[in-house]
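Bear in mind these aren't lab numbers, they're just calculated from the coordinates by the rules spelled out. On a predicted model such as this, the values are computed, not experimentally measured, just so you know. We place every Cβ from the backbone using ideal geometry, glycine too, and count neighbours over all the protein chains shown.
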Amino acid sequence: MEQPRGVLCSRVEEKWAEIRKMADEVQLEELTRFVSNLKDCDDFGGVLHRNTFRVNRKIGVVGLGFFGPHLVNLASYDVAITIEDLRQRSRRIFATEFYNVPAFKSQMFYVTFDNMIVLEPNRFYNIGFQLDGPKTGILDPIKVIQTVSELHVEFAFLRGSLQMPEIKYVILD
């Protein structure tokens, strides 16, 4: 059942106010943008899409950033997220959680976790996500190694879903 536009807009404004407040409160949080060349659009609903990566330092993931809708001005996404430690034979370290998140055309939207997810250095992890909603922008399919220079944090991606270009984290070591 579709919600009336006024109700959705009101919920969007409330959610953005909440996100801005949380961003002001968390001063130690880092945001890593892996690549920025938005290429096209695709649908990320229906099944879990995965990004596999490793990080060289112990970090706590506090949220993920995704591209918003590519063709519509305002949308709401039902988002499912799972994080797995591949060293432990795909043991889930973050059970599937579900979120409803508002998003604006051609802008990033964020899922902020209730609790930090600790990732150990030099292990491979899968982040699985499902975005049920309109098509979003996608990235070029390339292998990326991103270094956050002043903090000496390096993320190495093996393969990707062409979505989820940002990880919000804090350094724990």
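Structure notes:
- Taking amide H atoms as placed 1.01 Å from N in the peptide plane, the amide H of ARG57 lies under 5 Å from those of ASN122, GLU154, each 5 or more residues away in sequence or on another chain.
- Potential lengthening between VAL72 and LEU48 on full extension [0.36 nm per residue; Cα-Cα distance subtracted]: 6.4 nm
- Between ILE93 and ASP114, full extension at 0.36 nm per residue minus the direct alpha carbon distance yields a gain of 6.1 nm.
- Estimated inter-spin distance, ARG123 and ALA156, nm [label 7 Å along Cα→Cβ]: 1.7 nm
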